[in-house]
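Participant: Handing you a structure now.
The values are calculated or read from the model by the stated rules, or taken from the named source; none is laboratory data. Since the model is a prediction, treat every value here as computed from it, not as a measurement. A quick note on method: Cβ atoms are made from the backbone with ideal geometry, for glycine too, and the neighbour counts reach across all protein chains shown. Surface areas here come from the heavy atoms of the whole protein model, side chains and all, with no ligands, DNA or RNA. Shrake-Rupley method; radii C 1.70, N 1.55, O 1.52, S 1.80 Å.
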2 protein chains.
Amino acid sequence: MNLDTIKTLSVKTGSKIMLLVMDGCGGLGSPSTGKTELETAKKPNLDQLAKKGVLGLSHPIGRGITPGSGPAHLGLFGYDPLQYLIGRGVLEALGIGFHMTSKNISARANFATMKDGIILDRRAGRIPTDKNIEIVGKLTNAIKEVDGVKIIFKNGKEHRFVVILEGEGLEDGLSETDPQKEGLKPHLVTAINPKAQKAADVLNKLMMKINETLKDEPRANTCLLRGIAKCPHIPSMSEVFKIKPACIANYPMYKGLATLVGMDLLPTGDTIESEFDTLEANFNNYDFFYLHIKKTDSYGEDGNFENKVKIIEEVDKQIPRLTKLGFDVIVVTGDHSTPSVLKGHSWHPNPFVLVSKYLIPDEAETFNERECRKGGLGQFLAVEAMPLMLGHAGKLEKYGA
Amino acid sequence: MNLDTIKTLSVKTGSKIMLLVMDGCGGLGSPSTGKTELETAKKPNLDQLAKKGVLGLSHPIGRGITPGSGPAHLGLFGYDPLQYLIGRGVLEALGIGFHMTSKNISARANFATMKDGIILDRRAGRIPTDKNIEIVGKLTNAIKEVDGVKIIFKNGKEHRFVVILEGEGLEDGLSETDPQKEGLKPHLVTAINPKAQKAADVLNKLMMKINETLKDEPRANTCLLRGIAKCPHIPSMSEVFKIKPACIANYPMYKGLATLVGMDLLPTGDTIESEFDTLEANFNNYDFFYLHIKKTDSYGEDGNFENKVKIIEEVDKQIPRLTKLGFDVIVVTGDHSTPSVLKGHSWHPNPFVLVSKYLIPDEAETFNERECRKGGLGQFLAVEAMPLMLGHAGKLEKYGA
């Protein structure tokens, strides 16, 4: 069901929804025990939710498809990730905490080494982050604007940084400068979309200024621009779903994604416990909470099965605080799976539990991948999670008469 | 997910995929035992795959829809059968082993009996195949071309044959000549698509020549043309999925479908065993194998429950040869169900088993319809089978960041 239709059905009510995302919580069996991280963790409180609620498996994009965090979260927030595309440059900007508006275009940039117009090293020897910060400082001091368009540089790690343009009349639909192979010249930026000509001109002039500024650097004497994009217009959750949503997250990219869909960002601490403190403190002010746990994914990416298990157990200890608050609907799920054995995101569907007064509990005694397979919600696309939550919270009117 | 998006994600790797299609393997319970063909067969090796792997049910087109072999296979090969339409004439040409190019238009033809311009019998009394061969020979000798367009006749069984045009500037979008009822005049071919006028003119002139050639035949003195179509452009599997695919099949139509999607055809013998010989002999040269077993479907169509069971058992004996080869992903499924009790294709979903290192096995002990219902893959569309296989084989990059 598309957003326009959902919008005609959604109504403002007093009910409250909790969406707890344990990033990458789904996994695969450990080679030694055959049990997944969720099957290994001692998590009596999450299991209690499984007993009271109904389980299922959600596919972030489609069967077999491994998602990045951007599209995976957009799906959970109710936006079709195949329709709402977020350029890599935008995600990078979100990732460093830059708030993109319709006046911005953002590019993911790599420092690179060039000689006689030929790219010798597309990553400038992976210069250390300290050096990156120093060079980005130099660029910031030397280049403030091009043709009246403000230029913003933000450092990332090693050779990575972000270039953001701010001005009127900037449209995207722009080619990249990265030749993808060493030994070739960098490309000029070209306007694939004719309306993007101004942005293309600004970026090409900017590249000349960058090259001039960096000409004496031994390694990072140029840069390559990729994923040059504007922030797509995404109708806000309050507009489409008639909710007042809040985000409790530690990491910039998730906060950025949340602002993209119109959530309020609630300041919170670095620990899982502090995120639940923030939830308690703000319970009365919102009717939709997205609380993001990052470390299940981080440890999955590191291949650290044990620590991923510990994070699940740490989250579990906070669950009683959450249930006490009196939500009408609680969902606990992941955005994508991050099996420790794969050390990365995967295509496996997400364990999903929904608790509400208005359901028939299934026979599951625990919250894990195998139980979710047998769950009463079956398997579904993540983009359907939002209507499921809204429906169970009484926030969707009848479709048709 | 559309093919363009899949194409941006797919990558060439060294991993290997096996797609074993037991045509029409799904069935219904025998009236005497209540067990299906798969439930009746002794198939320890297929059951072993079910223990190691994850099961599910795939719907060829959609719930309740009985597919022909063409769309059912296209779906399994990753092409949405509702988007990629193959005209009946093209399927007939593929079925007799004719390799269609962009210069060809093909029509399914029936010999018919006409008197005073009125069709008396739309099937010419179902003349025997020998007679068909004789008349097609007569047409081939008498008619070589029309307006510079080469004309090819190929006999089929009983009253059925195929007419293929070969030349420049032939487009499809053409009406049929079959009036669908006896006692009516045949229609002229008309160009529904204005670009198809040349083909329409050629076909109408051809019909006059055919009628002249056959005027002394007692029964087959004319023919009716249906499903007049060009072969659609289908992007190849190697282009879209970055694989090098091979087809091992005995029957022309399946080989034709495989060439449509760019598979190499591997010469093989008539027996099931010889198909597995071919697989072994070519294992090193490809990274995707489609092996087609026809007789599960044929015996299903005949209503021969026992022999369908025997074919499943015969395939089972070959499975150890397949597993020894060391595929990264093995899928065994059907293209559609062919329950012996229905003596034809049906709308029931296909039993599906996928084996890979990267999955959580389900509790199934055997490979059959009932176990597949409880399987960890749930129920899905056949068009999702290809992304599932590619994903499990590590051949799809992350969608978004």
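Participant: Hey, could you check segment A:1-28 for residues that are open to solvent by less than 20 Å² (accessible area, probe 1.4 Å) and assigned to a loop (DSSP other than H, G, I, E, B) and say which is farthest from the other protein chains (Cβ to nearest Cβ)?
Facilitator: A:Ser15
Participant: A further question on this structure: Which of the residues spanning segment A:199-208 are of a type outside the set (Val, Ile, Thr) and crowded, with 17+ Cβ neighbours inside 10 Å?
Facilitator: Step one: filter segment A:199-208 for residues of a type outside the set (Val, Ile, Thr), giving A:199-201, A:203-208.
Of everything in segment A:199-208, those that are of a type outside the set (Val, Ile, Thr) and crowded, with 17+ Cβ neighbours inside 10 Å turn out to be A:Ala199, A:Ala200, A:Leu203, A:Leu206, A:Met207.
Participant: Name every residue in segment A:84-104 that is modelled with pLDDT of 85 or more and β-branched (Val, Ile, Thr), in order of residue number. Explain how you work it out, then say what you get.
Facilitator: Start the filter on segment A:84-104 by keeping residues that are modelled with pLDDT of 85 or more, which leaves A:84-86, A:90, A:93, A:98, A:100-104.
Selection gives A:Ile86, A:Val90, A:Thr101.
Participant: Does A:Ala50 count as more than 13 Å from every other protein chain (Cβ to nearest Cβ), assigned to a helix (DSSP H, G or I), small (Gly, Ala, Ser) and crowded, with 21+ Cβ neighbours inside 10 Å?
Facilitator: Working: more than 13 Å from every other protein chain (Cβ to nearest Cβ): yes; assigned to a helix (DSSP H, G or I): yes; small (Gly, Ala, Ser): yes; crowded, with 21+ Cβ neighbours inside 10 Å: yes.
For A:Ala50, the condition - more than 13 Å from every other protein chain (Cβ to nearest Cβ), assigned to a helix (DSSP H, G or I), small (Gly, Ala, Ser) and crowded, with 21+ Cβ neighbours inside 10 Å - is met.
Participant: Further question on the same structure: All but one of (1) open to solvent by 10 Å² or more (accessible area, probe 1.4 Å); (2) under 28 Å from B:Thr323 (Cα atoms) hold for B:Gln83; which doesn't?
Facilitator: Result: B:Gln83 passes all but (2).
Participant: Can you tell me how many residues in segment B:364-401 are facing chain A (nearest Cβ under 8 Å) and acidic (Asp, Glu)?
Facilitator: Qualifying residue count, segment B:364-401: 2.
Participant: Within the set of pairs 6+ apart or on separate chains, which have a first residue in segment B:116-127 that is in contact (Cβ under 8 Å) with a residue 60 or more places away in the chain, a second that is among the small types (Gly, Ala, Ser), and C-beta atoms under 6 Å apart?
Facilitator: Listed pairs, sorted by first residue: B:Ile119/B:Ala112; B:Arg122/B:Ala112; B:Ala124/B:Ala112; B:Ala124/B:Ala220; B:Ile127/B:Ala220.
Participant: Test B:Pro31 against the stated conditions and say whether it is touching a Leu at 6+ places or on another chain (Cβ under 6 Å), in a loop (DSSP other than H, G, I, E, B) and either buried (at least 24 other Cβ atoms within 10 Å of the Cβ) or in contact (Cβ under 8 Å) with a residue 24 or more places away in the chain (or both).
Facilitator: Against the criterion (touching a Leu at 6+ places or on another chain (Cβ under 6 Å), in a loop (DSSP other than H, G, I, E, B) and either buried (at least 24 other Cβ atoms within 10 Å of the Cβ) or in contact (Cβ under 8 Å) with a residue 24 or more places away in the chain (or both)), B:Pro31 does not qualify.
Participant: For segment A:64-80, which residues satisfy the criterion of being in contact (Cβ under 8 Å) with a residue 24 or more places away in the chain, within 20 Å of A:Asp297 (Cα to Cα) and either small (Gly, Ala, Ser) or open to solvent by 10 Å² or more (accessible area, probe 1.4 Å) (or both)? Talk me through it step by step, then tell me what you get.
Facilitator: To start, the set of residues in segment A:64-80 that are in contact (Cβ under 8 Å) with a residue 24 or more places away in the chain comprises A:64-70, A:72-80.
Within this subset, residues satisfying the condition of being within 20 Å of A:Asp297 (Cα to Cα) are A:64-70, A:72-77.
Listed by number, the residues that qualify are A:Gly64, A:Thr66, A:Gly68, A:Ser69, A:Gly70, A:Ala72, A:Gly75.
Participant: Looking at the structure I just gave you, is A:Gly269 touching a helix residue (DSSP H, G or I) at 6+ places or on another chain (Cβ under 6 Å) and among the small types (Gly, Ala, Ser)?
Facilitator: no
Participant: Let me ask something else about it. Kindly check whether there is at least one residue in segment A:337-352 that is touching a Phe, Trp or Tyr at 6+ places or on another chain (Cβ under 6 Å) and either of a type outside the set (Ser, Thr, Tyr) or within 13 Å of chain B (Cβ to nearest Cβ) (or both).
Facilitator: Yes, because at least one residue in segment A:337-352 is touching a Phe, Trp or Tyr at 6+ places or on another chain (Cβ under 6 Å) and either of a type outside the set (Ser, Thr, Tyr) or within 13 Å of chain B (Cβ to nearest Cβ) (or both).
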